[in-house]
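K.L.:
Sharing a structure here in structure tokens format.
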Amino acid sequence: VSVPLDVHCATITACLNDIARADAAAAELRHYTEKVEAMDSDQEQAPDQKSRRIQRNCEKLQRVRHASSIAQACARDAVGKCLMRTDQLSHTAKEALMVSV
């Protein structure tokens, strides 16, 4: 069964979008991880104020960690789908070249 080229293009585009979302989520995860670590080591704030800020940022970190995990799983799935279609894409390209020659 031959898959139209536009289907392959849409799959690759979706894969690239998923990878970009996973990269952005990973960057946000790094940001909050570094922020919480820096706040943890900051000795200048009053303990009660420090603990509230750390608490809020730990909650954000937890949400971002979860979102990042989901984004990475989606990106891995999308890449897997692209890899599964490489044979089909190669076959479609060969057919297109044979017709044009």
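The values are calculated or read from the model by the stated rules, or taken from the named source; none is laboratory data. Please read all numbers here as calculations on a predicted model, not as lab measurements. Cβ: placed from backbone, ideal geometry, glycine included. Neighbour counts: every protein chain shown. In case anyone asks, the SASA skips ligands and DNA or RNA and just uses the protein heavy atoms, side chains included. Shrake-Rupley method; radii C 1.70, N 1.55, O 1.52, S 1.80 Å.
K.L.:
Can you tell me which residue in segment 6-34 is farthest from S90 (Cα to Cα), limited to those that are over 14 Å from the mean Cα position of the chain (by Cα) and loosely packed, with under 13 Cβ neighbours inside 10 Å?
P.N.:
Once the filter is applied, the top-ranked residue is E34.
K.L.:
Is at least one residue of segment 84-101 surrounded by 13 or more Cβ atoms within 10 Å (Cβ to Cβ), among the small types (G, A, S) and touching a helix residue (DSSP H, G or I) at 6+ places or on another chain (Cβ under 9 Å)?
P.N.:
no
K.L.:
Identify, from the list A71, A75, A67, the residue that is touching a Cys at 6+ places or on another chain (Cβ under 9 Å), open to solvent by less than 70 Å² (accessible area, probe 1.4 Å), closer than 14 Å to A20 by Cα and in contact (Cβ under 8 Å) with a residue 40 or more places away in the chain.
P.N.:
After ruling out the rest, the residue left standing is A75.
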